[in-house]
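To start, the structure itself, in structure tokens.
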Amino acid sequence: ATIAPDRPKWSKDYGKDDYGYWADLAVGSVVQRMRWMAPGSFMMGSPADETGRLDWEMQHRVTLTRGFWLADTECTQALWEAVMGKNPSKFRTPDRPVECVSWEDTQLFCQRLNDRCPGLGLRLPTEAEWEYACRAGIDRRNRRRGATHETADGHVVPPVSERRDATRYFPSYP
């Protein structure tokens, strides 16, 4: 079982549900739910028999020794505007993901959010952190639609048809 992380100082609310531990980050009236990614090991890369695997790919074991907080959805236009003061998106809707931003823009976003929320430690995830979170405790890409499963640390992963896009945008260490 996952050891409960301490409630982050920056959290507006904190708890646990079927998907694991969560903490809500608030910027004004905008709330971003963060999910706890416990330390663990996984096989990074595609298995040899996976459809679409490239010849140069090599699967290898990766161990993340520290847990981290990661947003459970893309950065919304509302959150971006609350932090940056403007919305650069072409398709403007507050609850949609922000678009038309560069890597440099995201670095400034993280810096400004860290300035507003001491102890947050926001940054973009490493490739290993990203894949670890997206795999949600499984070592293969495809699962049967409609099937729930339990991860090694006892959390329930919802059916693919009920999940939001696996895209997540930033980790924060406790």
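The values are calculated or read from the model by the stated rules, or taken from the named source; none is laboratory data. As the structure is a prediction and not an experimental result, all values here were calculated from the model. As a convention, Cβ positions derive from the backbone with ideal geometry for all residues, glycine included, and neighbour counts pool all protein chains shown. These area figures cover heavy atoms from the full protein model, side chains too; ligands, DNA and RNA do not enter into them. Shrake-Rupley method; radii C 1.70, N 1.55, O 1.52, S 1.80 Å.
Here are a few things to note about the model shown:
- In loop segments of the range 13-68 as defined by DSSP, the chymotrypsin sites (Phe, Trp or Tyr not before Pro) with at most 11 further C-beta atoms inside 10 Å of their C-beta are W56.
- Evaluating 6.51 cos²θ - 1.76 cosθ + 1.60 at θ = phi - 60° for every residue in the range 115-125, the Karplus couplings come out as 5, 7, 10, x, x, 5, x, 5, 6, 6, x Hz, glycine and proline recorded as x.
- For V27, distant residues with modelled amide H under 5 Å away: Q32
- Across the range 78-91, coupling constants 3J(HN,Hα) worked out from phi with the 6.51/-1.76/1.60 Karplus curve, θ = phi - 60°, read 5, 5, 4, 5, 5, 8, 9, x, 8, 10, x, 5, 7, 9 Hz, and Gly and Pro carry x.
- Prolate/oblate/rounded label for the range 1-83 (Cα gyration tensor, a/c 1.5): oblate
- For the range 1-87, with all protein chains in place and a probe radius of 1.4 Å, 50% of the accessible heavy-atom surface sits on carbon or sulfur.
- Cβ-based net charge around N114, under 14 Å, with every Lys or Arg adding one and every Asp or Glu removing one: +3
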